[in-house]
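Heads up, the thing below is written out as structure tokens.
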Amino acid sequence: MTTTDDTPADPALSSLRRARDRFFSGRPPGDGIPEDLAQAWRRARFFGVPRDLAAPPRVRPPVDSPLLAAARPVLDRVAPTLSGAMELVLVDSRGRALWSGGGRYAGTPDGMAGLDLSEKAVGHNSPALALRTGRRAEVHGPEHFLDLWQEVSAVSVPLYEPTAGRPAGTVTVVAPLGEGRTAHPGAALAEATAHAIETELLGRARPPERVLLDAYLRQRAEGAAVVALDGSSRLVSPEAARLLSHETLARLERRATALLRDAATGPEEHAPEEIPVPDDEIPAPDGAGLTVRMTRLVHGGEVIGAVATVCTAARRARSAERRSHDRLPGLVGTSRPWRLAVSRATELARAVEPLLLIGEPGVGKTALARALLGLRGTAAPRVVDAAEQVPGEVPRWCHALAELPEPEGDGGAPPLLLRHAERLGQADVAALLSLLAERPAVPLVATHTPGAPTGPCLSRLLDILGARSVTLPPLRERVEDIPALLAGLAARRPSPGRPR
């Protein structure tokens, strides 16, 4: 959010209209027009935005927007108070209108929710300007590039998440164009709404810096030489500092910055996870056989940084030797995507810490979870299926584990295999969050099928578990495994009451 400031003196509306007409006729807009406004018009023309666009294009909204989830309680309180002359719009960092309420003064009878308001799609407008400058922005009538909005005045206030350096979206108030170019009548409403939404975001936030630090500490605990980067800062372990030169560290930082930039324009991620970077084995010139493996960190549906693990030739040899002995029972499949996922899960399962297996239905999450728990050599796991909604199972396990002294926590209680974590009830989520806050290292393997709507508490739990996660490849990416899978299913004897 920004502080309220007075709108600077600008040309009258009639002068702006004449300048806009000159611009579209191919002549210079004139000396009295601010240069940044003229540049915005030129950018829209460069992007190929048609001035006579009948309606802004519609885009597919995000499945589970953390910004909308935090803002909705505020918007639901504000919407009934709007007068018929104003429309309130919530816009995310990509210029997508997530929600709208109130009047209809932007040429959209159905409201602005679902519209693409980015500068590349509709030209100069107040949400795009506020996102670009990070300050409150007002755009009036003829300042808009589109003919559609010549009688519309809008003010946008950027929204900042806690500790974030760039806007997460805007609160925009749209109203009919008034006489002259005075301050927007909805500026105070936009400021107050933005302040309330930022308060909600603060209450829900798990700062990305904390996620980055947790991932760094986990790798340190496993004895790895590790570097954590978010494009603006980096954490370097003493082992990594000895192995890597300043030039290599700078190269990794540039790569992490590129990952953040590409993620801002690429497809959106919905599952909390650590995602290996394509071609993630980066040769390092600092020693023979030295490579660096990079993993993207996803938090709240956005890439927030990367963790780089230094791999020496000896470490890779030990890892290969361990994998040669890790023939997990009960698993079928020889495709490369499956073997890579199993190898990654096996490495993570060596530590008695929570592990999240993510994937579509039927890809083998439960079978892999059972095999991994068997690899640990502990007691038979307690299996809980959240989809069956059996009350009390998860809280009882959490309570039993919490009662044990810390040194006995690994062996004094059976591990938990939690299926369908996305279907957990509120009591189960609360019990797990409380346990993980007191004891982060617990013998828990959970499975998660993305796509179901999640509330703020469940999203927080999935974020925590997602710090140590593996995404299993869908069957369409491992077609060569299907014959063996079918043979295994044919040989399996169905459980009573559960036909094949």
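Values as computed for the structure displayed
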| item | result |
| --- | --- |
| Residue count, segment 432-482 (criterion: of a type in the set (A, V, I, L, M) and surrounded by fewer than 21 Cβ atoms within 10 Å (Cβ to Cβ)) | 10 |
| Some residue of segment 26-34 being within 25 Å of residue 158 (Cα to Cα), under 33 Å from the mean Cα position of the chain (by Cα) and not aliphatic (A, V, I, L, M) | no |
| Any hit, segment 168-177, residues being surrounded by 19 or more Cβ atoms within 10 Å (Cβ to Cβ) and at positive phi | yes |
| Residue in segment 141-161 that is surrounded by the most Cβ atoms within 10 Å (Cβ to Cβ), counting only those that are in contact with a strand residue (DSSP E or B) (Cβ under 8 Å, 6 or more places away or on another chain) and over 22 Å from residue 51 (Cα atoms) | 157 |
| Search result, residues across segment 195-227 that are in contact with a helix residue (DSSP H, G or I) (Cβ under 8 Å, 6 or more places away or on another chain) and either modelled with pLDDT of 80 or more or under 24 Å from residue 311 (Cα atoms) (or both) | 196, 197, 200, 201, 211, 224, 225, 226, 227 |
| Residues of segment 330-342 satisfying the condition of being among the small types (Gly, Ala, Ser) and either in contact with an Asp or Glu (Cβ under 8 Å, 6 or more places away or on another chain) or closer than 14 Å to residue 374 by Cα (or both) | 330, 333, 335 |
| Among (1) under 19 Å from the mean Cα position of the chain (by Cα); (2) modelled with pLDDT of 90 or more; (3) buried (at least 19 other Cβ atoms within 10 Å of the Cβ), the one test that residue 118 misses | (1) |
| Test: residue 62 is in the same structural domain as residue 166 (by TED's automatic domain parsing), in contact with a strand residue (DSSP E or B) (Cβ under 8 Å, 6 or more places away or on another chain) and modelled with pLDDT under 90 | yes |
| When residues of segment 455-491 are limited to those that are more than 28 Å from residue 70 (Cα to Cα) and part of a loop (DSSP other than H, G, I, E, B), the one modelled with the lowest pLDDT | 478 |
| Output for segment 347-397, where each listed residue is under 26 Å from the mean Cα position of the chain (by Cα), surrounded by fewer than 19 Cβ atoms within 10 Å (Cβ to Cβ) and basic (Lys, Arg) | none |
| Subset of segment 119-149 [among the charged types (D, E, K, R) and free of Cβ contacts under 8 Å to residues at least 40 places away in the same chain] | 132 |
| Answer from 250, 241, 192 - the residue that is outside the structural domain of residue 309 (by TED's automatic domain parsing) and modelled with pLDDT of 85 or more | 192 |
| Candidate set: segment 330-346, residues that are out of contact with any helix residue (DSSP H, G or I) (no Cβ under 6 Å at 6 or more places or on another chain) and at pLDDT below 85; chosen: the one nearest to residue 485 (Cα to Cα) | 334 |
| Odd one out for residue 324, checked against (1) modelled with pLDDT under 85; (2) among the hydroxyl-bearing types (Ser, Thr, Tyr); (3) under 25 Å from the mean Cα position of the chain (by Cα) | (3) |
| Residues of segment 276-312 that turn out to be assigned to a strand (DSSP E or B) and modelled with pLDDT of 75 or more, as a count | 18 |
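Conditions tested, residue by residue: (1) touching a residue at least 40 places away in the same chain (Cβ under 8 Å); (2) in contact with a Leu (Cβ under 6 Å, 6 or more places away or on another chain); (3) not assigned by TED's automatic domain parsing to the domain that holds residue 178.
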| site | (1), (2), (3) |
| --- | --- |
| 33 | no, no, no |
| 70 | yes, yes, no |
| 74 | yes, no, no |
| 83 | no, no, no |
| 86 | yes, no, no |
| 95 | no, yes, no |
| 100 | no, no, no |
| 117 | yes, no, no |
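Here is a yes/no grid of residues against (1) farther than 28 Å from residue 159 by Cβ; (2) touching a helix residue (DSSP H, G or I) at 6+ places or on another chain (Cβ under 9 Å); (3) assigned to a loop (DSSP other than H, G, I, E, B):
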residue: 40; (1), (2), (3): no, yes, no
residue: 44; (1), (2), (3): no, yes, no
residue: 54; (1), (2), (3): yes, yes, yes
residue: 61; (1), (2), (3): no, yes, yes
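The values are calculated or read from the model by the stated rules, or taken from the named source; none is laboratory data. Note that the structure is predicted; figures quoted are calculated from it, not measured. Every residue, glycine as well, gets a Cβ built from its backbone with ideal geometry; the counts of neighbours run over all protein chains shown.
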